[in-house]
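> Right, I'll just put the structure down here and ask away after.
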Amino acid sequence: MTWISFAAAFLAVIVVLAATGPLLTYTWGVRGYPIVLWGIPLSITFISVSAVVFQTLGIRWNAISVGVLLVSVSLGGFLLRGRYKSPRSTKKWKTPFLWLTIGTALGTASVAARTISALSHPSLVSQTYDVPHHVNLAWSILSTGQGSSLSRNLVGSTSGNSFYPSAWHDLVALVAQVSGSSIPTATNATMVVVASLIWSLGIGLFLWTLTGLPTAAFTGAALAGILPQFPAHFLWYVLYPNLLGFVLVPYLLGMSAQILSQPRKQKYLPALLLVLSLPGITLAHPNALFAFAVISAPLFIYGIGLWVYRIKTPNSKYPRTWAAAASLATVIVLLIVNQASMRVRSIAALRTKPHWDALGGKKEALWAALSGRAGWVQTPYVDWQSITVGPIPFLLGALCIVGCLYCFKLPAARWLPFSYATVIALFVVALGVNGPWRPYLIGIWYSDTDRIVALVGLVAAPLAALGAFTITELIVKYLHPPLTATSVGLLVTCSILVAAQFNPLLRASYTMVALNHSFSSNDAMLSRDDFDLLEEVEDIVDPDEVLIGDPWDGSVFSPAYTNRIFAFPSLNTSEGDDTTYFIENLSNALTDPEVCQIANDHNYRFILSLGNDRGEHNGPYGDPKTFSPVHDLYDPKIGTVIAASGKSQLIEITACKDAQ
């Protein structure tokens, strides 16, 4: 039944994303492939912004309220719209869309099959540091009906509210409610759909917009998941909000390229929808917005200049001068915006404070990026040096170079190699440069090489597809095979897709996915016994009771798995001095009245003790001595075991019953 629940959640993700933004764009008069290109980012905006609106108005945010708002906005758009004509004839887009569909199916299958096979259990989420926070936040949204990113309670029941990008958590909560699955199952299903279907579709649509060729869209969608830099890197280095935000970047790039290439009168609706998409990518994760800004800067510099050149050519003696002036003005505006961003306190803090240091050298970083090996040399979690790299990463790196060369012969894509150079430069800084100005350049991504390597993958994916497309053209042009160009394209694309699956670095990434989603890894906080016990807790503990325990033994996952509040819903948080006092003095509960007073004040009646499998996650965050009384509670007068699975125990605090 659990995999059936996963399948239901998987379908629910698709339905939720397809039934929001694409429905809105259709009712607003959009036709052809822009329905999807503009609709997917709009879905994230609609879901995340509606959560802000409903919480501000004091209305519970759930599938029903979101559905009512969706129908209302769709009807309003239908009544007020001016029919927008797609840049492609509505009679001709259906056959090319079939090519995109086939390519998307191949790309989706290549990523989804490997990711699902790496999951040891459909409800076991990754055992990495950030994940408990994300699944518990999604559970909080589902249980309270409050999903606003502007007032998220980040750390626990006694903490204050602040901004936190919650688009991912809103989406997972909505999927869980629509499908009836648990938050962990919905999390895994959403991860798979976003990394496979939404990513493959986005790359295909981006290349369709850029080249106007459905065969290029097919190649892009099919080959979207062949690089270890992205999305595979974010499947094992688990950063759900970043994954969602980065996946939206190709859609926004495609929208931007389409706007700059359209006649003046047809720019307005695409420009409006691009603006409406920006809140979605921001509420997915603000650094995804900056990723889009960095990658699209060459597009706007070149595209605005080209647009001005086309306008001035019929009626000016110096169209190139006007174009150069427009591009220069764009550069100046971007530099002003960049500097103005430092006036935002949170951004200035990120861009002035070092987080992680460089772990390699400049030459090493440059060679890793160009050779297709970016993303593995700096990772401390696996002995990557023992991996025999082989030729495939180098061939994929060469495909990106070939794709860059192809872009220079395609006017609409000449900016893309400069975006590639930009993200490679950021990667070189992240991996190989230490200095006072390092945070200024990459601090918005926490100066974290793992996040920045994904930027390389964002641009490398379409370039690798264009490289494959170029090889197809060269074969047809010079070798004259006894096959149609379409057949050659299919063979080349499928051959590269199959060969890429044997890339040792890609295989190692999915090995890490399996390791992080395992009960038995060294870092696993949840054992199979822990998992089985958590499934029983909801039937034992009343909804108004608060669980307490050692978050580092796996208890931190209890809200998402038990549907009950836990005192420490994140691994780097503390409830306060009284809760710490309660834990440290639990063995004195019979003689210290303050212990029971705290228990009664906070509704602490049950302790989760999930063994001593704290793994290697402790680092500087969790002191085992603080929570040792939880694991050393042997006096039945203080606590009685009422449920157990192996060494995992649910303990009722009996010492404080009389105090109640």
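> Mind listing just one residue for me: the one in the stretch 544-578 that is over 22 Å from Ser648 (Cα atoms) and outside any loop (DSSP other than H, G, I, E, B) and, of those, modelled with the highest pLDDT?
Asp578
> What pairs can you find where one residue is in the stretch 346-360 and assigned by TED's automatic domain parsing to the domain that holds Phe163 and part of a loop (DSSP other than H, G, I, E, B), the other is of a type in the set (Lys, Arg) and surrounded by 16 or more Cβ atoms within 10 Å (Cβ to Cβ), and their Cβ atoms are less than 7 Å apart, with a gap of 6+ or different chains?
That search, which allows pairs on different chains as well, returns Pro354/Arg438.
> Any residue at all in the stretch 185-195 that is assigned by TED's automatic domain parsing to the domain that holds Val15 and over 15 Å from the mean Cα position of the chain (by Cα)?
Checking the stretch 185-195: at least one residue is assigned by TED's automatic domain parsing to the domain that holds Val15 and over 15 Å from the mean Cα position of the chain (by Cα).
> Return the only residue of Ala508, Ala468 being assigned by TED's automatic domain parsing to the domain that holds Gly204, crowded, with 23+ Cβ neighbours inside 10 Å and part of a helix (DSSP H, G or I).
One residue alone meets the criteria, Ala468.
> Being of a type outside the set (Phe, Trp, Tyr) and touching a helix residue (DSSP H, G or I) at 6+ places or on another chain (Cβ under 6 Å) is the filter; apply it to the stretch 66-85 and report the residue that is modelled with the lowest pLDDT.
Gly77
> Continuing with the same structure: Could you tell me whether Ile475 is assigned by TED's automatic domain parsing to the domain that holds Arg373, in contact (Cβ under 8 Å) with a residue 24 or more places away in the chain and either more than 30 Å from Tyr237 (Cα to Cα) or touching a strand residue (DSSP E or B) at 6+ places or on another chain (Cβ under 8 Å) (or both)?
For Ile475, the condition - assigned by TED's automatic domain parsing to the domain that holds Arg373, in contact (Cβ under 8 Å) with a residue 24 or more places away in the chain and either more than 30 Å from Tyr237 (Cα to Cα) or touching a strand residue (DSSP E or B) at 6+ places or on another chain (Cβ under 8 Å) (or both) - is not met.
> Right, next: Quick check: is even one residue across the stretch 257-274 out of contact with any Ser or Thr (no Cβ under 9 Å at 6 or more places or on another chain), in a loop (DSSP other than H, G, I, E, B) and basic (Lys, Arg)?
yes
> Quick one: which residue in Gly403, Gly489, Gly432 is surrounded by 17 or more Cβ atoms within 10 Å (Cβ to Cβ) and either modelled with pLDDT of 95 or more or under 21 Å from Gly245 (Cα atoms) (or both)?
The match here is Gly403.
> For the condition closer than 15 Å to Val36 by Cα, in contact with a Leu (Cβ under 9 Å, 6 or more places away or on another chain) and either hydroxyl-bearing (Ser, Thr, Tyr) or at pLDDT below 95 (or both), what is the one hit in Thr219, Thr209, Thr190?
Sole residue among the options that is closer than 15 Å to Val36 by Cα, in contact with a Leu (Cβ under 9 Å, 6 or more places away or on another chain) and either hydroxyl-bearing (Ser, Thr, Tyr) or at pLDDT below 95 (or both): Thr209.
> Let me ask something else about it. Would you be able to tell me the number of residues in the stretch 295-318 that are under 21 Å from Ile40 (Cβ atoms) and β-branched (Val, Ile, Thr)?
Result for the stretch 295-318: 1.
> Could you go through the stretch 316-329 and let me know if any residue there is under 30 Å from Pro391 (Cα atoms), surrounded by 13 or more Cβ atoms within 10 Å (Cβ to Cβ) and of a type in the set (Lys, Arg).
Taking every residue of the stretch 316-329 in turn, none turns out to be under 30 Å from Pro391 (Cα atoms), surrounded by 13 or more Cβ atoms within 10 Å (Cβ to Cβ) and of a type in the set (Lys, Arg).
> Continuing with this model, one more query. Go through the stretch 579-608 and give me each residue that's buried (at least 16 other Cβ atoms within 10 Å of the Cβ), in contact (Cβ under 8 Å) with a residue 24 or more places away in the chain and part of a loop (DSSP other than H, G, I, E, B).
Ala589, Asn603
> Shifting gears a bit: May I ask you to list the residues in the stretch 101-116 that are among the hydroxyl-bearing types (Ser, Thr, Tyr) and touching a residue at least 40 places away in the same chain (Cβ under 8 Å)?
Of everything in the stretch 101-116, those that are among the hydroxyl-bearing types (Ser, Thr, Tyr) and touching a residue at least 40 places away in the same chain (Cβ under 8 Å) turn out to be Thr104, Thr108, Ser110, Thr115.
Residue by residue, here is whether (1) out of contact with any Lys or Arg (no Cβ under 6 Å at 6 or more places or on another chain); (2) free of Cβ contacts under 8 Å to residues at least 24 places away in the same chain; (3) small (Gly, Ala, Ser); (4) farther than 30 Å from Trp168 by Cα holds:
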| residue | (1), (2), (3), (4) |
| --- | --- |
| Ala284 | yes, no, yes, no |
| Phe292 | yes, no, no, no |
| Ser296 | yes, no, yes, no |
| Leu299 | yes, no, no, no |
| Arg310 | yes, yes, no, yes |
| Lys317 | yes, yes, no, yes |
| Thr321 | yes, yes, no, yes |
| Ala326 | yes, yes, yes, yes |
| Leu335 | yes, yes, no, yes |
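> Hey, another quick one. Restricting attention to the stretch 17-62, report how many residues are of a type in the set (Val, Ile, Thr), within 29 Å of Trp99 (Cα to Cα) and in a loop (DSSP other than H, G, I, E, B).
Counting residues in the stretch 17-62 that are of a type in the set (Val, Ile, Thr), within 29 Å of Trp99 (Cα to Cα) and in a loop (DSSP other than H, G, I, E, B) gives 2.
> Does the stretch 14-35 include one or more residues that are small (Gly, Ala, Ser), over 15 Å from Leu201 (Cβ atoms) and without any contact (Cβ under 8 Å) to a residue 60 or more places away in the chain?
yes
> Here are some conditions: (1) within 23 Å of Gln146 (Cα to Cα); (2) surrounded by fewer than 24 Cβ atoms within 10 Å (Cβ to Cβ). Arg31 meets all but one. Which one does it not meet?
The single condition Arg31 does not satisfy is (1).
> Determine whether the stretch 517-537 contains at least one residue that is hydroxyl-bearing (Ser, Thr, Tyr), touching a Phe, Trp or Tyr at 6+ places or on another chain (Cβ under 7 Å), touching a residue at least 40 places away in the same chain (Cβ under 8 Å) and more than 29 Å from Ser419 (Cβ to Cβ).
Yes, the stretch 517-537 contains at least one residue that is hydroxyl-bearing (Ser, Thr, Tyr), touching a Phe, Trp or Tyr at 6+ places or on another chain (Cβ under 7 Å), touching a residue at least 40 places away in the same chain (Cβ under 8 Å) and more than 29 Å from Ser419 (Cβ to Cβ).
> Give just the number: which of (1) farther than 25 Å from His121 by Cβ; (2) crowded, with 24+ Cβ neighbours inside 10 Å; (3) aliphatic (A, V, I, L, M) does Ile183 not satisfy?
Unmet condition: (1).
> Here's something else I'd like to know. Inspect the stretch 222-238 for any residue being surrounded by fewer than 24 Cβ atoms within 10 Å (Cβ to Cβ) and of a type in the set (Ser, Thr, Tyr) and give the result as yes or no.
Scanning the stretch 222-238, I find no residue that is surrounded by fewer than 24 Cβ atoms within 10 Å (Cβ to Cβ) and of a type in the set (Ser, Thr, Tyr), so the answer is no.
> Right, next: Of the residues in the stretch 406-440, how many are closer than 24 Å to Ser327 by Cα, touching a residue at least 60 places away in the same chain (Cβ under 8 Å) and within 23 Å of the chain's Cα centre (by Cα)?
5
> Which of the residues belonging to the stretch 324-359 are within 26 Å of the chain's Cα centre (by Cα) and closer than 30 Å to Leu399 by Cα?
Answer for the stretch 324-359, where residues must be within 26 Å of the chain's Cα centre (by Cα) and closer than 30 Å to Leu399 by Cα: Ala358, Leu359.
> Now for a separate question. Within the stretch 303-324, can one find any residue that is in the same structural domain as Asn434 (by TED's automatic domain parsing), at pLDDT below 95 and within 23 Å of Leu455 (Cα to Cα)?
Within the stretch 303-324, one or more residues are in the same structural domain as Asn434 (by TED's automatic domain parsing), at pLDDT below 95 and within 23 Å of Leu455 (Cα to Cα).
The values are calculated or read from the model by the stated rules, or taken from the named source; none is laboratory data. What you see is a predicted model, and the numbers here were worked out from it, not measured in a lab. Here the Cβ is made from the backbone with ideal geometry for all residues, glycine too, and neighbour counts use every protein chain on show.
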